[in-house]
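Reading through the structure tokens given below for one structure.
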Amino acid sequence: MQTSPPADTIEARILADPRYAALVRDRQRFSWLLTAITVIVYSAFISLIAFDKPLMAQPIGGGTISLAVVLGAAMLVGTIAICAVYVVRANGEFDSRLAEILDKAK
Amino acid sequence: MMRSMWRCAALLVLLGWASGATAAITGAIQRQPTNWTAILMFGGFVGITLWITGAAARRTRTVSDFYTGGGITGFQNGLAMAGDYCSAASFLGITSQIFNDGYDGLIYAIGFLVGWPIVLFLVAEKLRNLGRFTFADVASYRFLQGPVRSFAAVSTLLVVTFYLIAQMVGAGQLIQLLFGLPYLYAITVVGGLMMVYVLFGGMRATSWVQIIKAVMLLSGATFLVLGVMAQVGFSFETLFARAVAVKTKLALESGLSPGDAATKGRAIMGPGGFIKDPISALSFGFALMLGTAGLPHILMRFFTVPNAREARKSIMWATVWIGYFYALTFVLGFGAIVMISFNPDYVGVGGALRGGNNMAVMHLAHAIGGNLFLGFISAVAFATILAVVAGLTLSAASAISHDVYASVMRKGNADPVKELRVSRITTILLGIAAIILGVVFEKQNVAFMVSLAFALAASGNFPVLVMSLLWKGCTTNGAAWGGAIGLLAAFGLTVLSPVIWVAVFGFDQAIFPYSSPALFSVPAGFLAIWLISLLDRSPRAALDKAGYPDQRLRSETGFGVHEAAAH
């Protein structure tokens, strides 16, 4: 394995492309943002259950369904949704930006 | 007596909150009458999968075929991951927990789901871009191969062994529960079939066993949910209201005053005693969330797809199916309250389920679809164990043959025929060991073993993977020793926790008061990697750091990616 790519290889051309640095930065920022949201929302959910059970047992809209059930369902749907948000942007925008960079480098 | 048994069972469920598999199977297991319908259906499943294994065996020629199965699509891989992850015990255990206590089962289910976005955001595509067969390919990419791969192999074997023991014991209990056959039969059948799938079919057969099983489980559970919803006019409000009414009536019958009975009935709609201690709860949550991103048999599935794009789709689909599965179990648990609570065929005096604590969904299947459907669901539950153990075995066999034998002992110049032979010998030894361990641990509480597997994966593998992928300053020593310290911390804290210190060793007071170590051992792992790397002044450390830009480029772009489907 080489430690630094020699000049004028495909690697060097990718590294020299400012769009590469921008792509990596955007994707990284997006990943960490979504990771933080996931961890915070989940921790909040567990803490709510641990610290305020009566609130969670509160019925919603005069029926039987409780806040806990609604929030739990929202956690299931939200987990799937946040994955979808990432995949749509990564497989769309990020991948096409990457394809342009690779095309130019070749 | 019944009450203390139930309390004991509830405790086991709590301890095993982090358990992927059999941990939710708790309480006394009563052997059932021999269930020939289920055995026949299971035989059908085995027949189909063996036929596929035969076909796969004819196409498994290279080492790459054996480890990766020659490439499947993201959608197929997502289903296979769901098949690997949605365990029989979640299915039986969570539905029964909801049948007894209501809402709490959902908390458990959500914990299992939240790890998937983390895997997606932080590791999946980089893993696919850098790795070929095992996660050690990625963790050791720019490092000295020996130390990092040795660490990864040890940690893989540890995680897999704990997980495997729990699966084997669970298989034995399930087969008594569902098929009415003796324990030893179950263990031997599972161990034997697992060896056949992995030995002859490799990853290709294993993937298809998981896919078929996932489809069977999801369609069976969907059918059951439709049966439940038809009973309540497809209204969730009616379903929950009736469940509360049933629980209230049961409480009245047990002699409570009308006011107390109403409170007790309502209690199923909110969280109960499941989470008592917030620190333990969060710690379990972190073990689940981060452990998923460190489970070697889950990570290995990313190498079965051709590129990062398909790896992302794999997780998308896995998350959809696993989330859907848990939503179904929630409805099924409440459906069981409504449909079987007053039927003396299913529930004995005092509201206890006939056949043991975990039978709620089985009785529900019988109530909705009769004996034939009960047989189908039993066969699916058992097939689940096969899917999981085959995946586990394959990841352990790869750790030995690819990481230890080919990369460390032969320095990457192994003869492919010999490498394949090593992985097959490992598979046979593991199969035999799994059968023996399953027998040895029959009476043990396996709940903590699965939670330990998750905690080890979260504290050892996850920090090493993240630091080697994302931190330029990480060095060989940092990754290998820091990872080992994370593993040791998880292991040590578990021994000092109430689960072992009090329950096994019999001391009065646990030194470490929480039931899961992850909240402390995961940061310990990260800290150790950071500190050791920082202090590392060896010549190798300079090389490790210099290798980062190249690794980074490849992990970000997939440039020069090893083709998963290369033949």
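The values are calculated or read from the model by the stated rules, or taken from the named source; none is laboratory data. As the structure is a prediction and not an experimental result, all values here were calculated from the model. Neighbour counts are summed over all protein chains in view; Cβ atoms, including those assigned to glycine, are modelled from backbone coordinates with ideal geometry. Protein only, heavy atoms only, side chains kept; ligands, DNA and RNA dropped before computing areas. Shrake-Rupley method; radii C 1.70, N 1.55, O 1.52, S 1.80 Å.
Debye calculation, C-alpha points only, no solvent: report log10 I(q)/I(0) for the stretch B:40-137 at q = 0.22, 0.23 Å⁻¹, in the same order as the q values.
-1.20, -1.23
Relative to the present Cα-Cα distance, how much length would full extension add between B:LEU527 and B:PHE234 at 0.36 nm per residue of separation?
100.3 nm
Give the Cα extents of the stretch B:122-234 along the principal axes, in whole Å, largest first.
So the three principal-axis extents are 61, 39, 25 Å.
Of the listed peptides B:51-63, B:373-385, B:287-299, B:481-493, what is their order by residue-averaged count of other C-beta atoms within 10 Å, with the highest listed first?
For the peptides B:51-63, B:373-385, B:287-299, B:481-493, the packing ranking is B:287-299, B:373-385, B:481-493, B:51-63.
Placing +1 at every Lys and Arg Cβ and -1 at every Asp and Glu Cβ, with all other atoms neutral, what dipole size does the stretch A:11-105 have around its Cα centre, in debye to the nearest 20?
In debye, rounded to 20, the stretch A:11-105 gives about 120.
If you take the Cα atoms of the stretch B:455-501, find Rg, then find the Kirkwood Rh from the mean of 1/r over all pairs, what is Rg/Rh?
Rounded to two decimals, Rg over Rh is 1.10.
Taking the dipole about the Cα centre of chain B, with the C-beta of Lys and Arg at +1 and of Asp and Glu at -1, give me whichever of B:VAL196, B:TRP501, B:ALA186 is farthest to the positive side.
Positive-end residue among those listed: B:VAL196.
Quick one: accessible surface of B:MET339, probe radius 1.4 Å, all protein chains present, in square angstrom to the nearest 10.
We get 50 Å² for B:MET339.
Can you classify chain B as rounded, prolate or oblate using the Cα gyration tensor, where a ≥ b ≥ c are the square roots of its eigenvalues, rounded means a/c under 1.5, and otherwise it's prolate if a/b beats b/c and oblate if not?
Prolate shape, in that a/c is at least 1.5 and a/b is the bigger ratio.
Please give the average number of partner chain Cβ atoms lying within 10 Å of the Cβ of each residue in B:228-237, rounded to a whole number.
Mean inter-chain Cβ contacts per residue within 10 Å come to 1.
Per residue, what volume in Å³ does the convex hull of the Cα atoms of the stretch B:165-300 enclose?
198 Å³
How high is the relative contact order of chain B, given as a whole-number percent (alpha carbon pairs under 8 Å, six or more residues apart)?
The value is 30 percent.
Relative to the longest principal axis of the C-alpha atoms of chain A, give the angle of the C-alpha long axis of helix A:67-89, reported between 0 and 90° and rounded to the nearest 10°.
Once rounded, one gets 10 degrees.
Aspartates and glutamates near B:LYS213 by alpha-carbon distance under 17 Å, same-chain residues fewer than 8 away left out - which ones?
B:ASP84
Label the stretch B:55-107 by shape, choosing from rounded, prolate and oblate, from the square roots a ≥ b ≥ c of the eigenvalues of the Cα gyration tensor; if a/c is under 1.5 it is rounded, and otherwise prolate applies when a/b is larger than b/c, oblate when it is not.
Prolate is the answer for the stretch B:55-107, as a/c is 1.5 or above and a/b outweighs b/c.
Would you kindly state how much longer the chain becomes between B:LEU535 and B:ARG31 on full extension, computed as 0.36 nm times their sequence separation minus their alpha carbon distance, in nm to one decimal?
My answer for the length gained is 175.6 nm.
Amide H to amide H under 5 Å from B:LEU256: which residues, 5+ apart in sequence or cross-chain, H placed 1.01 Å off N in plane?
For B:LEU256, no residues qualify.
Taking the Cβ of A:ARG13 as the center, what net charge do the other residues with Cβ under 15 Å away carry, scoring Lys and Arg +1 and Asp and Glu -1?
Counting the neighbours of A:ARG13, the net charge comes to -3.
Please identify the DSSP H helices in chain B that span no less than 24 Å along the helix axis (Cα) and have a mean Kyte-Doolittle hydropathy of 0.5 or more.
Counting only whole DSSP H runs, the qualifying helices are B:36-59, B:145-178, B:202-231, B:236-253, B:308-340, B:360-398, B:416-440, B:476-496, B:518-535.
Going by Cα centres, the stretch B:204-250 and the stretch B:297-342 are how many Å apart?
Taking the Cα centre of each part, the stretch B:204-250 and the stretch B:297-342 sit 14 Å apart.
Roughly how large, in nm² to one decimal, is the mean projection of the convex hull of the alpha-carbon atoms in the stretch A:11-105?
Across all orientations, the stretch A:11-105 yields a mean hull projection of 7.7 nm².
Please give every one of the aspartates and glutamates within straight-line cross-link reach of B:LYS249, meaning a C-alpha to C-alpha distance under 12 Å, and leave out same-chain neighbours fewer than 8 residues apart.
List returned: B:ASP260.
Given the Cα atoms of the stretch B:418-567, and with Rh set as the inverse mean 1/r over their pairs in the Kirkwood sense, what is Rg to Rh to two decimals?
1.08
Cα convex hull of the protein assembly as shown: how many Å³ per residue?
Enclosed volume per residue, from the Cα hull, is 146 Å³.
Decide, for the stretch B:505-567, between rounded, prolate and oblate: order the square roots of the alpha carbon gyration tensor eigenvalues as a ≥ b ≥ c, take rounded if a/c falls under 1.5, and otherwise choose prolate if a/b is larger than b/c, else oblate.
In terms of gyration-tensor shape, oblate.
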